[in-house]
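Trainee: Take this structure, written in structure tokens, and hold onto it; I'll ask about it next.
Please treat every number below as a calculation from the coordinates, not as lab data. Being a predicted model, the structure only gives us computed values, none of them experimental. A quick note on method: Cβ atoms are made from the backbone with ideal geometry, for glycine too, and the neighbour counts reach across all protein chains shown.
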Amino acid sequence: MRGPIRGLMVKANQSRQSGETAAQQLSREASRISQEPLGISEGLVASPMDLEPHKRRFRSPNFQRLRVDWSTEDQITLTKAREAANKRLQKEFADAFHIMNRLYDVIRLPILIDGKPKRDENGWIVWQIDEYNYPIENWERLTHSIKDDLLYSITSKLFNWEQLSQDAWAEAMYSRANWEHAFSEAFDELMAGTVQDREARGRLGSVDERLFAVFLSTYSRKTEALVRSMDRLALRLRDTLRT
């Protein structure tokens, strides 16, 4: 059975048959689980009896206490993290955003204030929207020469974007290893106790490293999404140029 055995006493730095200490093995397992969707993950529950409290708890839920949004403190933290990721993305992939705005300049209509386009907090133009809150677009304005120019701009920069995305992935992997190391150190600080006691200590002692790793992992995923989107746009432009 995978996962820690509840109530098992372990000694600090005690090696297992694999040659790893309990801290090293659990920190790696905790890191792996963090990448999985939310839920009861394999390795977290030792026996079917552990599921009974969950069943009793959720059999008759008190919907008056059901949370449907982040708490104020968590929302502030999440907003800061999202803004930081977006600002970094716009800085490191500035040419991709400029290409998209060149496209929008052609197919969209700006909101005008005193004859000048309205801009958001990042300096980008705010576009007119329809009754469904989608930007109004007219793709017939995209001429053959504009398509050709955009296509060359994208394909000439894809090499650099893909390298930047891989750099972001490597940084995320390094932060994940750093979190595992912090978990292992905090785990071994508690010289006695059950695996669960020491695992809780490990998680508590590596909170900052874990959150930073999550942030960098999120940023890495955003860079991958940007590269995919630009690649799809290039393919679409190429297809329309053939017709």
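Trainee: For the modelled label position 7 Å from the Cα of R238 along Cα-to-Cβ, which residues of the range 142-166 have backbone nitrogen atoms closer than 19 Å?
Mentor: It comes to 144-163, nothing else.
Trainee: Using the Karplus curve 6.51 cos²θ - 1.76 cosθ + 1.60 with θ = phi - 60°, work out ³J(HN,Hα) for each residue of the range 89-99 in order, rounded to whole Hz, and write x for Gly and Pro.
Mentor: In residue order, the calculated couplings are 4, 5, 6, 6, 10, 4, 5, 5, 5, 5, 5 Hz.
Trainee: Turning to a different aspect of this structure: With no solvent and one equal point scatterer placed on each C-alpha of the range 201-243, evaluate the Debye formula and give log10 I(q)/I(0) for q = 0.15, 0.21, 0.25, 0.28 Å⁻¹, two decimals.
Mentor: Computed log10 I(q)/I(0) values: -0.55, -0.71, -0.81, -0.87.
Trainee: Amide H to amide H under 5 Å from F93: which residues, 5+ apart in sequence or cross-chain, H placed 1.01 Å off N in plane?
Mentor: When sequence neighbours closer than 5 places are left aside, there are no close amide H contacts.
Trainee: Near T77, within a Cβ-to-Cβ distance under 15 Å, what is the net charge of the other residues, with Lys and Arg +1 and Asp and Glu -1?
Mentor: Residues close to T77 contribute a combined charge of -2.
Trainee: Can I ask one more? In nanometres, what is the gap between the two model label sites at W139 and D208, each 7 Å from Cα along Cα-to-Cβ?
Mentor: 5.0 nm
Trainee: Return the distance in nm (one decimal) between the two label points of a simple spin-label model at T155 and D231, each offset 7 Å from Cα along Cα→Cβ.
Mentor: It works out to 1.6 nm between the two label points.
Trainee: For a 19 Å ceiling on Cα separation, which of these pairs sit above it: K91/K116; K116/K147; K116/K157; K91/K157; K87/K222?
Mentor: Table pairs above 19 Å Cα-Cα are K91/K116; K116/K147; K116/K157.
Trainee: Taking amide H positions as placed 1.01 Å from N in the peptide plane, with prolines and chain starts having none, which residues 5 or more places from R119, or on another chain, fall under 5 Å of its amide H?
Mentor: Under 5 Å from the amide H of R119 lie the amide H atoms of V126, each far enough along the sequence or on another chain.
Trainee: In whole Hz, with x marking every Gly and Pro, tabulate ³J(HN,Hα) for the range 111-116 from phi via Karplus 6.51 cos²θ - 1.76 cosθ + 1.60, θ = phi - 60°.
Mentor: After applying 6.51 cos²θ - 1.76 cosθ + 1.60, I find 7, 9, 10, 6, x, 10 Hz.
Trainee: I've got another one for you. Report the full-extension gain for the segment E73 to I111: residue separation times 0.36 nm, less the Cα-Cα distance, to one decimal in nm.
Mentor: So the extension gain works out to 10.3 nm.
Trainee: Lys and Arg at +1, Asp and Glu at -1: add these up for the other residues within a Cβ distance under 12 Å of W169 and post the number.
Mentor: -1
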